[in-house]
Amino acid sequence: SELIRGFLLSGMPCPSSCPPGLLALMAPGLALMATFSLPSQAGDRRALPVEKSPGVKGRTLILLDVNTKSPVRIISENFLSLQLDPSIIHDGWLDFLSAGRRSVQAPGATTGPGLLPQFLRAARGELQRGPAARGHLAISLFSFPFAVDIVRSDIALDKQKGCKIAQHPDIMLELQREKAAQMHLVLLKEQFSNTYSNLTLTARSLDKLYNFADCSGLHLIFALNALRRNPNNSWNSSNALSLLKYSASKKYNISWELGNEPNNYRTLIGRSVNGSQLGKDYIQLRSLLQLIRTYSRANLYGPNIGRPRKNVIALLEGFMKVAGSTVDAVTWQHYYIDGRVAKVTDFLKTRLLDTLSDQIRKIQKVVNMYTPGKKIWLEGIGATSAGGMNNLSDSYAAGFLWLNTLGLLASQGIDVVVRQSFLDHGHNHLVDQNFNPLPDYWLSLLYKRLIGPKVLAIHVAGLQRKPRPGRVIRDKLRIYAHCTSYHNHNYVRGSITLYIINLHRSRKKIKLAGTLRDKIVHQYLLQPYGKDGLHSKSVQLNGQPLAMVDDGTLPELKPRPLRAGRTLVIPPLTMSFYVVKNVNALACRYR
């Protein structure tokens, strides 16, 4: 629901049917929710010997090995997903997303491109998200929990026969950008004043939204309006029932949620909803779904709480006690920094990067207390809150938080992460309003193409007595390992992909040891491009700037081959992926 994911897993060029603009981005290599596994640094306690780099005085050469016998975690094939902000219904962008995009395919697709997310999530007000049932990417519209109504439109669209590509003249795009810029100011004013307007969802808008998801091979997750309350504070489901019946009449395959950030309801409607009542609301929704044949077995997700502070944990405990067995996955949100006060140096602070680990443990503790083994999703994640900050949350520097987030979540067993957002107001998105990919887009695309769902344990020479999954090496050098994606046909099964974050202001050297020794390695080094440095909105891959070839074609992501046995040199303040070829890792030979 929140991702427009669907990177081109096969690396094939965008087919002739690939439309311009947005489609281009979702084309070759956009399948964010494909199979990926984040490396973990857990391993045995045996320390490898530490060597000195021959040409560097006093500098330690880090020795790195990976446990190739079995994975420490296996995450969802749909791990990486994206959101669309519901503001696209207000500001008109939905009309530019509604054209069919058959060329954008999910991670498991054998042809076609894709950076679309595995789940499509809708939620500005109460238009929210849900999981993908088809193993495809999902798109999600997410924002604050506003009231969203379903209104039958006189011009409601019938289900389209086939998926057609709509062409929009440049002048229409220019007018749309102006309209979106005005709406952006309105939304910012609402955020700062904490006063929100309702969002009315027409049948026509829902038809367009679903058609876009369906034609893109995505699964839609929709969050119903939980702000309609009866006098006794129970959920008023009459509005939701109308929407469910309409969707069922069109045979729309949708997963469901109820509300968004219930811990903030007092601010929005003047009264709070405790965890017990929220649990009863979800049981009521499950009963409604079971009454409608189309949705009797539909997936249900929630409660999508905010940051797990003391009062929020209490709300989650009350919810899990009443309705823990009712939901298919437990969801929550995390934003690292207040976007109104963020600085570029914030993205380099290891303490900030590690705040997520503590939150994961808090959520897991509550979930496992009531429903051991229940899947957990991080259903809203961004570098900054409040819509983000220009030249920061959409810059190269924000990628340090994003890549580390993917590594931590996978290594700690979070099943799915939904990124806020693909395209919307603010600056946390993956593409700009000209549909040009931003740094986090390229980072996500590489992740989708190279990373599989099996997470591997990493062993580092003598730097930690007891390595643990996702732990850092000397704080500022972070390494994760996965089996290489099975969907990437450039690498045989049994290959391993490392991804490395170097927050040091000096380069670091890593020597591959053990099962990785003397193997050919493919390097994918991402660095900022241009004079803006960490503020840059452009990136280069192995020294070559990345940009769309044309409106419908992504560039080829060419690796730099490194000879067998060569030391990996990690430049300062960079992110990189390294595919170790032909390892024949037992953990990675089979799905």
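The values are calculated or read from the model by the stated rules, or taken from the named source; none is laboratory data. Quick caveat, the model's predicted, so the values are computed rather than measured. Positions of Cβ are backbone-derived with ideal geometry, glycine not excepted, and every protein chain shown enters the neighbour counts. The accessibility values were calculated without ligands, DNA or RNA, using every heavy atom of the protein model including side chains. Shrake-Rupley method; radii C 1.70, N 1.55, O 1.52, S 1.80 Å.
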Original post:
Tell me, what HN-Hα J-couplings in whole Hz come from the Karplus equation 6.51 cos²θ - 1.76 cosθ + 1.60 at θ = phi - 60° for each residue of segment 569-583, using x for Gly and Pro?
Top reply: 9, 9, x, x, 6, 9, 10, 8, 10, 10, 8, 8, 7, 6, 6
Original post:
Can you run phi through the Karplus equation (6.51, -1.76, 1.60; θ = phi - 60°) for segment 432-441 and list ³J(HN,Hα) in whole Hz, with x for Gly and Pro?
Top reply: 8, 6, 9, 6, 8, x, 9, x, 5, 5
**OP:** Give the peptides 301-308, 288-295, 321-328 in descending order of average Cβ contacts within 10 Å, highest first.
**Re:** 301-308, 321-328, 288-295
Original post:
Between ALA314 and ILE283, what is the label-to-label distance in nm when each label sits 7 Å out along the Cα-to-Cβ direction?
Top reply: 2.2 nm
**OP:** Please give, to one decimal in nm, the separation of the simple spin-label points placed at SER234 and ARG591, each 7 Å out from Cα toward the Cβ.
**Re:** 4.5 nm
Original post:
LEU456: accessible area at probe 1.4 Å, nearest 10 Å²?
Top reply: 0 Å²
Subject >> Lys pairs, segment 279-378 - Cα-Cα below 18 angstrom, 8 or more residues apart or on other chains >> reply: 12
**OP:** In whole Å, largest first, what are the principal axis extents of the Cα atoms in segment 468-550?
**Re:** 40, 36, 23
Original post:
Amide H neighbours of ILE520 under 5 Å, counting only residues 5+ apart in sequence or on other chains, H built in-plane at 1.01 Å?
Top reply: LYS581
Subject >> Centroid-to-centroid separation of segment 491-525 and segment 285-304 [C-alpha atoms, Å] >> reply: 45 Å
Subject >> Cα-based shape type of segment 295-347, given that a ≥ b ≥ c are square roots of the gyration tensor eigenvalues and the cut on a/c is 1.5 >> reply: oblate
**OP:** Calculate how large, on average over all directions, the projected area of the Cα convex hull of segment 544-590 is; give the answer in nm² to one decimal.
**Re:** 5.9 nm²
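Please work out how much length the chain gains when fully extended from LYS365 to LYS343, using 0.36 nm per residue of separation minus the C-alpha to C-alpha distance, in nm with one decimal. Can you show the working numbers first?
Working: separation 22, 0.36 × 22 = 7.92 nm, distance 3.25 nm.
Using 0.36 nm per residue and subtracting the Cα-Cα distance, I get 4.7 nm.
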Original post:
Can you give the translational diffusion coefficient of segment 505-578 in µm²/s, computed by Stokes-Einstein from the Kirkwood radius over Cα pairs at 10 °C and 1.306 mPa s?
Top reply: 115 µm²/s
**OP:** Send over the semi-axes of segment 217-260's equivalent ellipsoid, whole angstrom and largest first, taken as the square roots of 5 times the C-alpha gyration tensor eigenvalues.
**Re:** 23, 13, 5
Original post:
Can you pull the accessible area of ARG517 for me, 1.4 Å probe, Å² to the nearest 10?
Top reply: 130 Å²
**OP:** Enumerate the whole-percent occupancy of each 5 Å bin, from 0 to the last occupied one, for all C-alpha pair distances of segment 392-451.
**Re:** 4, 17, 29, 26, 15, 7, 1, 0
Subject >> Nonlocal amide H pairs with LEU430, under 5 Å, H built at 1.01 Å >> reply: SER421, PHE422, LEU423
**OP:** May I ask you to give the average projected area over all directions of the convex hull of the Cα atoms of segment 197-246, in nm² rounded to one decimal?
**Re:** 4.3 nm²
Original post:
What does the accessible area per residue of segment 527-580 come to in Å², with a 1.4 Å probe and no ligands, DNA or RNA counted?
Top reply: 49 Å²
